[in-house]
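Nothing in this text is a laboratory measurement; each read-out follows from the coordinates by a stated rule. These numbers were taken from a predicted model, which means no experiment stands behind them. For neighbour counting, all protein chains shown are included, and Cβ atoms are generated from backbone atoms with ideal geometry for every residue, glycine included.
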Amino acid sequence: MPPRRPPQHEIADRAIVILKSLLPRGWVAREQGGDYGIDLEIEIAQGCVTGLIFKAQVKGHGSITWSRDDSYCQSVSPASQEYWHGIPLPVILFVVDVAEEEAYWMLWAPPVTESGLYVHRSNALSSRIGLLQESIHNWLRRRGAQAVLHAAPILAATWGMANEKTGRDCFLPVSDDELLEIQWIYAQTATLREVLGLPRSDTLIPWAVWCARSQVTFGTGESFYYGNYDEIVAYLAPIMSETLRQAAARLREEELTRDNCSAKNWANRYFDENVTYSVSEELGSVPEEFWDWIDSKLQDVGALKCRAGAVVRRRSGEQ
């Protein structure tokens, strides 16, 4: 007798079909291989693809019994949530009622829970697609702003190296790498000031003006010279001092997480505080198969140097 197909497998497949039918026409839903907490990658599209992407896990049920407050507690393993935490994209949990042909959603955010995730009946996809899209946009904006703020230590280090290159012969051409470096500092400073709510347009001279100034001063548009390089560094000095100080102050106010630990340590050093943070990674609940899967991903692109799955198995055998 051939093996029977469990009803839950049929429900799971049906849930994916229902969810895709409820998404706006034009949105692109790509099914993900493996069974590690992500079922779909969904790209928002409005006439053309937008590059706005989120990940989704889909949990199908024959029917859903809602609690008195119209919520449903969906079981999601801590290992899956740990995986979601490392994904640089928003993750949406969809709970699908196959009988009603409706999907309900929630935007996942840390911390990792063991009791399950609560999805509310009011977040029906058929009536709240606009709110879902707004939530995705807001998450991406916040993530982008956080990434800029948490990169302040890199900006500070690169700024320090730029200062060490000043004082050279004014008529010496700046190398392409050094020009790219000072351009990045200039652009990153402007972006960080926006994130911090500091003035930008009235403070920073547009970069194009510096390029034009180099042409006027040295009579050529083919090279950038250290005379202008020194001017830029001197011009940026008070602006950078204010920007980095404000960034350090903002970082000190943030609650400690694994994502901002290094940046908070830099902020403490900026203010000469002898405080160092560390965040331990609690990944003991992640199955060995997960690390085997990551190992295979690295092996596929020729990046694998050591096998984490084998290490986890060896350590498990030692306990």
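Rounded to whole numbers, the Karplus 3J(HN,Hα) couplings from phi for region 113-129 are 10, 9, 7, x, 10, 9, 10, 9, 4, 5, 8, 6, 4, 5, 10, 10, 5 Hz, using 6.51 cos²θ - 1.76 cosθ + 1.60 with θ = phi - 60°, and x at Gly and Pro. For region 16-31, putting each phi into the Karplus relation 6.51 cos²θ - 1.76 cosθ + 1.60 with θ = phi - 60° gives couplings of 4, 4, 5, 4, 4, 5, 8, 5, x, 4, x, 5, 9, 10, 10, 6 Hz, in residue order, rounded to whole numbers and with x for Gly and Pro.
Taking Cα atoms only, the orientation of helix 176-196 departs from the longest principal axis of the chain by about 60 degrees.
Under a 5 Å amide H cut-off, with hydrogens placed 1.01 Å from N, TYR225 pairs with VAL174 among residues at least 5 apart or on other chains. For the chain, the 222 nm mean residue ellipticity estimated from helices alone, with every DSSP H stretch of n ≥ 4 adding -39500 (n - 2.57) and the total spread over all residues, rounds to -16000 deg cm²/dmol.
Identify the GluC sites (Glu not before Pro) of region 216-260 meeting these criteria: DSSP loop state and at most 15 other C-beta atoms within 10 Å of the C-beta.
GLU222, GLU254, GLU255
Rounded to the nearest Hz, the phi-derived 3J(HN,Hα) couplings of region 82-93 under the Karplus curve 6.51 cos²θ - 1.76 cosθ + 1.60 (θ = phi - 60°) are 4, 5, 4, 4, x, 7, x, 9, x, 10, 10, 8, where x marks glycine and proline. With the simple spin-label model, which puts each label point 7 Å out from Cα in the Cβ direction, the GLU273 to ILE53 separation comes to 3.8 nm.
Between ASN138 and SER126, residue separation times 0.36 nm minus the direct Cα-Cα distance comes to 2.3 nm.
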